[in-house]
Amino acid sequence: MAHKGMTFGIFLAPFHRVGENPTLALTRDMELIEWLDYLGYDEVWVGEHHSAGWELIASPEVFIAAAAERTRHIKLGSGVTSLPYHHPLMVAERFVQLDHMTRGRAMLGCGPGALVSDAYMMGIEPVMQRPRMDEALDAIMLLLKCDEPVTMKTDWFELREARLHLAPYTEPHLEIAVASVMTPAGVIAAGRHGLGVLSIGAGLPGGPDALAGQWKIAEETAAKHGKKMDRKKWRLVVNVHVADDDDEALRHVKKAERHETVTYFEETLGRPPGRMDDPLTEGVKMGTTLVGSVDTVVRGIEHLQRQSGGGFGGLLFRAHEWATREQTLRSYELFARYVMPRFQGSLDTIRGSNDWARGNRKTIFGPNVEAIRRAYTDAGREAPAEFRQRTSGAREE
């Protein structure tokens, strides 16, 4: 179902604690996508990582292909494909194939690569990751046009009269979005091609305050290149967990969130820039971590809308396993039942109809009481004498 309002989904890195059965972890990820498809979520973005123990999916394309066969409606993207790790022709070919296989449900998320340890194993210097992503993205966009063969040479890949074997299924091509954390690099890359943006930094300290400025940079860059940015294709990635009340929600997530912060972000990754000592408490306080009741989460989204300086198109849960399986699945259900409709316009006509009926219940529904009375009396007069006697006797008793 296409919504006129905001879209919702998850950013599935995924995050699975070290020590658990990895096969079962991947199975849970797939089951989660099926649950979200049933609940009416709009999209899933699947990550690519190759080291550090927590983020287990190495090939978003393989995962997307499997998920496509087990879902009906939800769109499936890479969140993100690390472009410096792949020849751009291969990236374009694989995602165009997925575009066909999913009948237009595939999306390509682009980034330079999140883990330095991944790049290290491939002999890629960290300072080269961003420029290589830009070069690969330029090549991919040229290939997707299918106008003429592409010849291009950089210090790490070459295209010789390259062309796509398959033209895109989606016109003009599948949806593409660029990851943006805190620096302007991501929104500049998106602006050069008029692409969507995945604001992964929206949930980090200072992230919401930077949103409006980053979008302005994207729009200015797009204008310089004859492109136009679309806020509907701008997604914010934040932590979310919904329960019946705020205290319950915090109790659900506090222990496992702390374990993730300490063992992964501090002891494994050395707390990357932007991470704080107690991200849960600070995030909830700042309104960037949406943990609480339905009303608390709604207010958090409204706060992010104001911070964005004009609104954004989609909100993505940073998929985590901070709560038990049952609590996590119920959180997604509560969000789908009570939060999503408030931002999708699906309640407007229902509330309007209810308000109209309430406001006119005496004038419109009042005559119904008389109609029911007459139905009883008229039916009584027309009934056989034996029936009237029985019902009269029953009333007297």
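The values are calculated or read from the model by the stated rules, or taken from the named source; none is laboratory data. Model, not experiment: these values are computed from the prediction. Positions of Cβ are generated from backbone atoms using ideal geometry, with glycine treated the same way; all protein chains shown enter the neighbour counts.
Can you tell me which of Thr23, Thr7 is among the polar types (S, T, N, Q) and within 30 Å of Glu266 (Cα to Cα)? After ruling out the rest, the residue left standing is Thr23. Within the bounds of segment 114-127, is there any residue that is within 21 Å of Gly196 (Cα to Cα), buried (at least 21 other Cβ atoms within 10 Å of the Cβ) and either under 27 Å from the mean Cα position of the chain (by Cα) or small (Gly, Ala, Ser) (or both)? Yes, that holds for at least one residue. Restricting attention to segment 289-308 and to residues that are closer than 13 Å to Ala202 by Cβ and in contact with a Gly (Cβ under 8 Å, 6 or more places away or on another chain), the residue that is surrounded by the most Cβ atoms within 10 Å (Cβ to Cβ) turns out to be Leu290. Does Leu26 satisfy the criteria of being touching a strand residue (DSSP E or B) at 6+ places or on another chain (Cβ under 9 Å) and assigned by TED's automatic domain parsing to the domain that holds Ile200? Considered against the rule, which asks whether it is touching a strand residue (DSSP E or B) at 6+ places or on another chain (Cβ under 9 Å) and assigned by TED's automatic domain parsing to the domain that holds Ile200, Leu26 comes out as no.
A single member of Asp37, Asp99 is among the acidic types (Asp, Glu) and under 16 Å from the mean Cα position of the chain (by Cα), and it is Asp37.
This table checks each residue for (1) in a helix (DSSP H, G or I); (2) closer than 29 Å to Thr81 by Cα; (3) at pLDDT 95 or above; (4) out of contact with any helix residue (DSSP H, G or I) (no Cβ under 9 Å at 6 or more places or on another chain).
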site: Arg192; (1), (2), (3), (4): yes, yes, yes, no
site: Val197; (1), (2), (3), (4): no, yes, yes, no
site: Pro205; (1), (2), (3), (4): no, yes, no, no
site: Pro208; (1), (2), (3), (4): yes, yes, no, no
site: Trp215; (1), (2), (3), (4): yes, yes, yes, no
site: Asp247; (1), (2), (3), (4): yes, no, yes, yes
site: Tyr264; (1), (2), (3), (4): yes, yes, yes, yes
site: Arg275; (1), (2), (3), (4): no, yes, no, no
site: Val291; (1), (2), (3), (4): no, yes, yes, no
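Residues that are assigned to a strand (DSSP E or B) and in contact with a Leu (Cβ under 6 Å, 6 or more places away or on another chain) within segment 11-49 comprise Phe11, Val44, Val46, listed in sequence order. Of all the numbered requirements in (1) of a type in the set (A, V, I, L, M, F, W, C); (2) under 30 Å from the mean Cα position of the chain (by Cα); (3) within 17 Å of Pro88 (Cα to Cα), Met152 misses one, and that requirement is (2).
On the given criteria, is Asp147 in contact (Cβ under 8 Å) with a residue 40 or more places away in the chain and either surrounded by fewer than 24 Cβ atoms within 10 Å (Cβ to Cβ) or within 30 Å of Arg271 (Cα to Cα) (or both)? Give the steps one after another, and end with the answer.
Working: in contact (Cβ under 8 Å) with a residue 40 or more places away in the chain: no; either surrounded by fewer than 24 Cβ atoms within 10 Å (Cβ to Cβ) or within 30 Å of Arg271 (Cα to Cα) (or both): yes.
No.
Scanning segment 165-180 for residues that are crowded, with 17+ Cβ neighbours inside 10 Å and over 20 Å from Lys75 (Cα atoms) turns up just one, Ser180. Tally the residues that are crowded, with 18+ Cβ neighbours inside 10 Å and either in a loop (DSSP other than H, G, I, E, B) or not aliphatic (A, V, I, L, M) (or both), restricting the search to segment 331-341. Of the residues in segment 331-341, 3 are crowded, with 18+ Cβ neighbours inside 10 Å and either in a loop (DSSP other than H, G, I, E, B) or not aliphatic (A, V, I, L, M) (or both).
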